[in-house]
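The block underneath contains the structure these notes are about, expressed in C-alpha cells.
The values are calculated or read from the model by the stated rules, or taken from the named source; none is laboratory data. Here the structure is a predicted model, which is why all the values come from computation and not from measurement. Don't worry about glycine lacking a Cβ; one is built from the backbone with ideal geometry, like all the others, and counts go over all protein chains shown. Ligands, DNA and RNA are stripped out before the accessible areas are found, and what is left, the full protein with its side chains, is counted by its heavy atoms. Shrake-Rupley method; radii C 1.70, N 1.55, O 1.52, S 1.80 Å.
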Amino acid sequence: MLVEPERTPYDLRFRALGFPVRVHPWFWIGSALMGSQLLQAGPEFLLAWVAVVFVSLLVHELGHAVAFRRFGSHADIVLYAFYGLAIPTHEVSGRGRKIIISLAGPFAGFALCGLVYGSQELIGWADPRRSVLVWYVYFSLVRVNLVWGVLNLLPVFPLDGGQVCRELCGQFSGPRGKRISLKISFGCAILVVAYSIFCVMDTRGAGAGFTNQLPSWALGTVFTAILFGFLAYQSYQLLGRSAWEDHHWDDRVPWER
C-alpha cells in the first residue's frame, strides 16, 4: 500500500498549496465502487460521495505534505484507489519529526471536520428541509474525516497510527521495536476484523441486537473487515520477513557477496 502507482495518460494533474498532485484513474473507480449503493438514491448522491472522498483524502495528504515541507522536504501527492500518498523528495530524520508528519494527515482531516461542523452550527448552511443533497454532503464530510481519521490512528501498519507505533516501539525497544510494532499491528487489525464481522452479523439479525445501541459511525462494515483483514495479512507477512532477516543476517561487505 505504500508503493506509488504507475503513471498513466489518464491521470489528473494539478497543484495544491504548491504541491504537485496526481490523481490515478483507479481513485475515481475505487471511490465510486465504495459508494455504489448510493445509486439507489440517485447519481447525484454518488457524485457527491466521490467529491467528498476526493476533498477529504486530498486534505489528509496535504497535512502530511505541509509537515514534510516544514522539516525541509518537498513532497508529491498521489491519490489512488482507496488511499493516498505524500511522497517526500528525501527522507526526514528524527523520530519526533516522523511522528509529527504521520499525525499531520489525520489532524488535517479533523480540522476540516471541525470547520464543516462549526460553519453548520454558525450559519446552518446544510438544512435537509431545503436540500437533502447538501445535507448529505455535510454529513459525509463530517463522518468521513472523523471516522477515517480515527481509524487511521489505530496502531496498524501502514496506517499513520502504525507508523507512529513503529517509531515509539523503536524508541523504547531498540532493534526489537520493529517486530513489536508489527505484532501490535497484526493483533489490532484482527480485532477490527472480528468487531466488523460481529457488527455486520448483528445488524442482519444474526445476533442479539447489541449494535442497535451504537451510532451508525461506530459500526463495522464489510469494507472495514476486508480492509483490515488485508492489513493483518500484510503485517503477518512483514513479521515473518523480519524474523527471517533476524536469523539470516548477511554481514558480508558488498564485494564479498
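Here are a few things to note about the model shown:
- Close pairs (6 angstrom Cβ cut-off, 6 or more residues apart or separate chains): at pLDDT 90 or above in region 1-15, among the β-branched types (Val, Ile, Thr) and not in a loop (DSSP other than H, G, I, E, B) anywhere: Leu12/Val23; Phe14/Val21
- Number of the exception - Ser196 against (1) crowded, with 20+ Cβ neighbours inside 10 Å; (2) touching a residue at least 40 places away in the same chain (Cβ under 8 Å); (3) under 18 Å from Pro215 (Cα atoms); (4) not aliphatic (A, V, I, L, M): (2)
Rundown of residues vs (1) over 24 Å from Leu85 (Cβ atoms); (2) touching a strand residue (DSSP E or B) at 6+ places or on another chain (Cβ under 6 Å); (3) modelled with pLDDT of 85 or more, yes/no style:
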position	(1), (2), (3)
Cys169	no, no, yes
Leu182	no, no, yes
Gly187	yes, no, yes
Thr211	yes, no, no
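- All conditions but one from (1) in a helix (DSSP H, G or I); (2) open to solvent by 40 Å² or more (accessible area, probe 1.4 Å); (3) farther than 28 Å from Leu133 by Cα; (4) not hydrophobic (A, V, I, L, M, F, W, C) apply to Glu6; the one that does not is (1).
- Looking only at region 55-96, and only at residues there that are open to solvent by less than 20 Å² (accessible area, probe 1.4 Å) and not aliphatic (A, V, I, L, M), the one that is nearest to Asp11 (Cα to Cα): Gly84
- Residue match in region 75-84 (condition: touching a residue at least 60 places away in the same chain (Cβ under 8 Å), closer than 20 Å to Ala111 by Cα and of a type in the set (Ser, Thr, Tyr)): yes
- Yes/no for Val164 being open to solvent by less than 60 Å² (accessible area, probe 1.4 Å), over 18 Å from Phe82 (Cβ atoms) and under 15 Å from the mean Cα position of the chain (by Cα): yes
- Qualifying residues in region 217-241 (those that are more than 19 Å from the chain's Cα centre (by Cα) and surrounded by fewer than 16 Cβ atoms within 10 Å (Cβ to Cβ)) - the one modelled with the highest pLDDT: Gln237
- Per-region count, region 39-53, residues open to solvent by less than 40 Å² (accessible area, probe 1.4 Å) and assigned to a helix (DSSP H, G or I): 7
- Contact map, region 210-228: residues that are farther than 20 Å from Gly161 by Cα paired with residues that are in a loop (DSSP other than H, G, I, E, B) and hydrophobic (A, V, I, L, M, F, W, C), Cβ distance under 8 Å, separation 6+ or inter-chain. Pairs shown: Thr211/Leu219.
- Check on Glu245, more than 23 Å from Met34 (Cβ to Cβ) and at pLDDT 85 or above: no
- Some residue of region 27-38 being open to solvent by less than 40 Å² (accessible area, probe 1.4 Å), assigned to a strand (DSSP E or B) and either within 21 Å of Trp148 (Cβ to Cβ) or without any contact (Cβ under 8 Å) to a residue 40 or more places away in the chain (or both): no
- Residue that is nearest to Gly42 (Cα to Cα) [pool: residues in region 131-183 that are in contact with a Cys (Cβ under 6 Å, 6 or more places away or on another chain) and without any contact (Cβ under 8 Å) to a residue 40 or more places away in the chain]: Val142
- When Thr89 is tested against (1) on the phi > 0 side of the Ramachandran plot; (2) touching a His at 6+ places or on another chain (Cβ under 7 Å), exactly one condition is not met: (1).
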